[in-house]
Amino acid sequence: MRRPHAASLGLVAVVSALSTLPAAADEPSLEVHLQPRRFGVEDVAQITVRVNEPPNDLTVPNLGQLVNLEVVAGPSTGSEFSFVNGVASRAQTFTWVVRAEAPGPASVGPVVARAGSVELRAETVAAEVVEGSVAPAARRGRRSPFPTDPFADLMPRRAPPRVELMLRHRFSTDSVVVGQPLVATIYLDSTVSSLYDFDWRQAPSYPGFWAQRLDNPEQVSPEVVEIDGTRFFRYEVLRSVLVPLKSGPLEVPEVAAAIGIRGWGFFDTGKLVERSAAARTIEVAERPPAPAGFAGAVGNLRYSASVEPTRIEYGESAVVTVTLEGSGNLPLVEAPERVPSCADCDSYPPEEVNQVEVDADGIHGRRSWQVTLVPRTSGSLELEPVTLSVYDPSAKRYRSQSLGPLTLTVAPPPATPTPVVTPAPEPQPGVTEPGAGVGAADEPGPTWLWMAAALLIGVAAGGALTWALTRRSKVVLPPRQSDQSPADRARELQVTLERWWLDARTGSRGRELEGEMQQLRRDLEAVRFAPGRADHTETVVELESRLRRLMRRS
């Protein structure tokens, strides 16, 4: 029988401890108390081991060495829970009753409690044992030496009320489809409110389900209900949101708990009773074959899509966002395989924004997937639509949605200036160059041939020089600013790369250089859109050198 030392805790605190309400930030700790510290050989003492913030797999502590002490009862266990100034705390106690073997010093410990790989240890606690008894007669224990209450005739007491306790496991529905959320609630119905303890004998589990246990409110007030003409106090012990992961009959195992009931008089020390809720079966139906674009969304959910901004400069990026919102199995939905895009756009893996809540009403909120697009062409681009699907359990069918088309306008790149070539002046017929020798007229043939050849060589050299200067002007990179970030410099280099490639791809070496150009483009974009925009100064310097070498090779 459980001792009444925890009677003041109340069911409110104990039941709240069964939820997943976050505990205090303190680490688990161990306390050992031996009371009283001075007692007689005819008396008994009590060893209480208290584990604060106990782990779930805590075992019964080991008392270590007992010097001049022997255990006569125990251990009995108790649970404590409190919520003060927004901080929750839990504790579990183990109590032994001991007596001394002879007068003299006595001690217990060191005490060790283990939970998996965690070990808690407390130092030895000492006491003094004397001859006879030092405890007042009225405090030697709560157990009465009389078979009946000797004061019953003088002070008649009201008969204790009839106590009925029932543990109930209820579900919002007994028939669902794969992926459809439902709510499971465990209630404790009692005809009395004088309850002081609650310990799971068989904790709830939900095999075959995705389960999210909910936090109990800070204060739990029982609801008064009537069952078969009897008035009960109904306490909500635990509530969970479940999502079935497979079809067929899924069995929810039995749950069982021990509940402490306070006594109704000085000679009534209370009692501990056990109650259980039978196993339940949930019928889970399979969904019909899914259409294209189904990513696992089940419930009252809807997709939407947008692109921001709708107008960008050439070489810049836009973000396409696909959002799924409503109530349903949001945490289990996969990212869409496709989003609105175009053939001449490079894209990056989606980044997710999660705003999902799980509460007594189920699962609701929104999830968004953001995809970065970098167009390789300019003009008005139509991002092709995609079709996504949601299964509606109430209608027992799939609902398909077409997202798009979306329009993205890309401004053309600035035009590259065309170099102006000044042609060499043509010689005028009949005009004699100054300084020409008189003897030149005697040999007209060879002289004119040499002059024509020189003229042709000069024109060719001028054209080659102009072509070389033009080609070099195209590979000149924009100067770097002193306060320019690596991401901004990468964007500037990518714009230069794209402008150069407009002409270089049609050249004789365009096919040869295309693979290297594509790799350089991806590396520049990786710096531009790097998560957190880390410092890529050295990386940008290396990419700038690669771009300069690539453009010279063309």
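The values are calculated or read from the model by the stated rules, or taken from the named source; none is laboratory data. Since this is a predicted model, take the numbers as computed values, not measurements. When we count neighbours, we look across all protein chains shown, and the Cβ atoms used for this are built from the backbone with ideal geometry, even at glycine.
Can you run down the residue pairs with Cβ atoms below 7 Å, 6 or more apart or on separate chains, where the first is in segment 307-320 and closer than 18 Å to Val386 by Cβ and the partner is in a loop (DSSP other than H, G, I, E, B) and not β-branched (Val, Ile, Thr)? If the second residue must be in a loop (DSSP other than H, G, I, E, B) and not β-branched (Val, Ile, Thr), the pairs left are Ala318/Pro309; Val320/Pro340.
Among residues that are in a loop (DSSP other than H, G, I, E, B), surrounded by fewer than 21 Cβ atoms within 10 Å (Cβ to Cβ) and either modelled with pLDDT under 90 or not hydroxyl-bearing (Ser, Thr, Tyr) (or both), Val224 is not included.
Yes or no, residue by residue, for (1) among the basic types (Lys, Arg); (2) modelled with pLDDT of 80 or more; (3) not assigned by TED's automatic domain parsing to the domain that holds Val371:
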site	(1), (2), (3)
Pro478	no, yes, yes
Gln484	no, yes, yes
Arg489	yes, yes, yes
Thr496	no, yes, yes
Ala530	no, no, yes
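One line per residue, one yes/no per condition, for (1) surrounded by 15 or more Cβ atoms within 10 Å (Cβ to Cβ); (2) outside the structural domain of Ala184 (by TED's automatic domain parsing); (3) farther than 29 Å from Phe209 by Cβ; (4) over 17 Å from the mean Cα position of the chain (by Cα):
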residue: Gly315; (1), (2), (3), (4): yes, yes, yes, yes
residue: Ala343; (1), (2), (3), (4): no, yes, yes, yes
residue: Asp346; (1), (2), (3), (4): yes, yes, yes, yes
residue: Gly362; (1), (2), (3), (4): yes, yes, no, yes
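Return a yes/no flag: does segment 366-386 have any residue that is in a loop (DSSP other than H, G, I, E, B), at pLDDT 60 or above and within 30 Å of Val298 (Cα to Cα). Yes.
Condition check: assigned to a strand (DSSP E or B), surrounded by 17 or more Cβ atoms within 10 Å (Cβ to Cβ) and at pLDDT below 95. Does Ala257 satisfy that? Criteria met by Ala257.
Output yes when any residue across segment 276-291 is among the charged types (D, E, K, R) and within 23 Å of Arg168 (Cα to Cα), and no when none is. Within segment 276-291 (the criterion being among the charged types (D, E, K, R) and within 23 Å of Arg168 (Cα to Cα)), the answer is yes, since at least one residue qualifies. If you go through segment 54-75 and keep only what is at pLDDT below 85 and either touching an Asp or Glu at 6+ places or on another chain (Cβ under 6 Å) or in a strand (DSSP E or B) (or both), you end up with Val72, Ala73, Gly74, Pro75. Applying the criterion of being of a type outside the set (S, T, N, Q) and within 12 Å of Pro340 (Cα to Cα) to the residues of segment 370-386, the residue that is nearest to the chain's Cα centre (by Cα) is Val371.
The sole residue among Thr539, Thr506, Thr466 that is over 16 Å from Gly315 (Cβ atoms), at pLDDT below 80 and either in a helix (DSSP H, G or I) or not assigned by TED's automatic domain parsing to the domain that holds Glu352 (or both) is Thr466. Checking Glu525, Glu498, Glu516 one by one, the residue that is of a type outside the set (A, V, I, L, M, F, W, C), under 28 Å from Gln370 (Cβ atoms), in contact (Cβ under 8 Å) with a residue 12 or more places away in the chain and out of contact with any Gly (no Cβ under 9 Å at 6 or more places or on another chain) is Glu525 and no other. Just give me the residues in segment 509-528 being within 39 Å of the chain's Cα centre (by Cα), surrounded by 14 or more Cβ atoms within 10 Å (Cβ to Cβ) and at pLDDT 80 or above, in sequence order. Within segment 509-528, Met517, Leu520, Arg521, Asp523, Leu524, Val527 meet the criteria. Does at least one position in segment 270-283 carry a residue that is in contact with a Pro (Cβ under 6 Å, 6 or more places away or on another chain), in the same structural domain as Gly179 (by TED's automatic domain parsing), outside any strand (DSSP E or B) and not acidic (Asp, Glu)? Among the residues of segment 270-283, at least one is in contact with a Pro (Cβ under 6 Å, 6 or more places away or on another chain), in the same structural domain as Gly179 (by TED's automatic domain parsing), outside any strand (DSSP E or B) and not acidic (Asp, Glu), which makes the answer yes. Checked against the criterion of being polar (S, T, N, Q), surrounded by fewer than 17 Cβ atoms within 10 Å (Cβ to Cβ) and over 27 Å from Tyr398 (Cα atoms), the candidates Ser247, Ser172, Ser205 yield just one match: Ser205.
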